[in-house]
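Encoded as structure tokens, the structure appears first; notes follow it.
The values are calculated or read from the model by the stated rules, or taken from the named source; none is laboratory data. Because the structure is a prediction, the values reported are computed rather than measured. Note: ideal-geometry Cβ built from the backbone for every residue, glycine included; neighbour counts use all protein chains shown. When the accessible area is computed, the model is the full protein with side chains, heavy atoms only, and any ligands, DNA or RNA have been set aside. Shrake-Rupley method; radii C 1.70, N 1.55, O 1.52, S 1.80 Å.
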Amino acid sequence: MTSHDAPAPAPSAVPPPASTPASAPAPSPRPAPRTAARVVSRLAGGAVQVFLVVVALFWLMPTVGLLLSSLRSPSDINSSGWWRALTAPAQLTADNYAAILRNETITDSLLSTALITVPATVLVVLIGSFAGYAFAWMEFPGRDWWFLAVVGLLVVPVQVALVPVSKLFGEVGIFETTLGVVLFHTAFGLPFAIFLLRNFFAEIPRELLEAARLDGAGEIRLFARVVLPLGGPAIASLGIFQFLWVWNDMLIALIFADSDSPPITVALQQQVRQFGNNIDVLAPGAFVSMVIPLAVFFAFQRQFVSGVMAGAVK
């Protein structure tokens, strides 16, 4: 056998190339919310809105009932409920309001209420603003201790001071006078006013006040030109709270006010005591006494909301 006839060498066993691992699958996009989920979400939002509307209607029902009762005649009031006017609007009349305007007791009581409420509100706002600025930005001996004493007065109930203040006013000669009622409301309104305005004024940037002082502004000018404009929302909120509290007060007015010219709350109570359940007088009188503070609230609603939300969002 020749060398040309030699068998060729057997091919070496070469292992097959290992298969490369499959690449990890790409994350699938998040599926869009299902139609059912969207429907449930919208129904939930609609249910919340319906619930809030129902709550608002129940909240307004006494006011609506008082308004409709004030527009009905005494015979209609005695024969059926106020909701009867919804199906029989012919019952509505303004005669009760005309009678109220001719009732000197009610008109004089509204004037007496205004003479008490306006000064008590203005004094609390003015004194509270000055004191709040002093506690926030002025240095004087015992400042922190005095402020703690003011905060402590917030927990003192009005009923505790009725007897001693009555004796004091009697000795001074201002018991059963408009001045006495104004001073009482001012004294008990100042702790909350000082506490509220001091905390609000303390949030004013110190750099702003220092810049005004470098420009030559004194404390009075600094307070009037810088602090008061920045504290407008808080001052408006305080004024609304104080006005509503004094206007709707009955306890202090019943004890300290002049019995010959009482505020509207006491006058309405006296109408019940003298004439019984005369709803034709009480309903329009109560609604008129309620409309005035509502008008004040809505007139300063924007400032009130700003003052309540002040400091909540930086």
Run D95 past the list (1) among the charged types (D, E, K, R); (2) surrounded by fewer than 11 Cβ atoms within 10 Å (Cβ to Cβ); (3) within 30 Å of Q271 (Cβ to Cβ) and report the number of the one that doesn't hold.
(2)
When region 192-222 is examined, which residues are found to be of a type in the set (V, I, T) and loosely packed, with under 10 Cβ neighbours inside 10 Å?
I220
For L115, which of the numbered conditions (1) exposed (fewer than 12 other Cβ atoms within 10 Å of the Cβ); (2) in contact (Cβ under 8 Å) with a residue 12 or more places away in the chain; (3) not charged (D, E, K, R) fails to hold?
(1)
Please verify whether region 237-250 includes one or more residues that are surrounded by 19 or more Cβ atoms within 10 Å (Cβ to Cβ) and over 24 Å from L115 (Cβ atoms).
no
Kindly state which helices (runs of 4 or more DSSP H) lie completely within region 175-245 and contain at least 2 residues that are acidic (D, E).
206-214
Taking I100 as the residue in question, decide whether it is out of contact with any strand residue (DSSP E or B) (no Cβ under 6 Å at 6 or more places or on another chain) and closer than 24 Å to I252 by Cβ.
no
If I ask for residues that are buried (at least 18 other Cβ atoms within 10 Å of the Cβ) and in a helix (DSSP H, G or I), which ones from region 251-270 would you list?
I252, A253, I255, F256, I264, T265, V266, A267, L268
Considering only region 271-314, state which residues are modelled with pLDDT of 65 or more, more than 26 Å from F241 (Cα to Cα) and part of a helix (DSSP H, G or I).
Q271, V272, I279, D280, V281
Going through region 130-151 in order, the residues found to be open to solvent by 30 Å² or more (accessible area, probe 1.4 Å), assigned to a helix (DSSP H, G or I) and touching an Asp or Glu at 6+ places or on another chain (Cβ under 9 Å) are W137
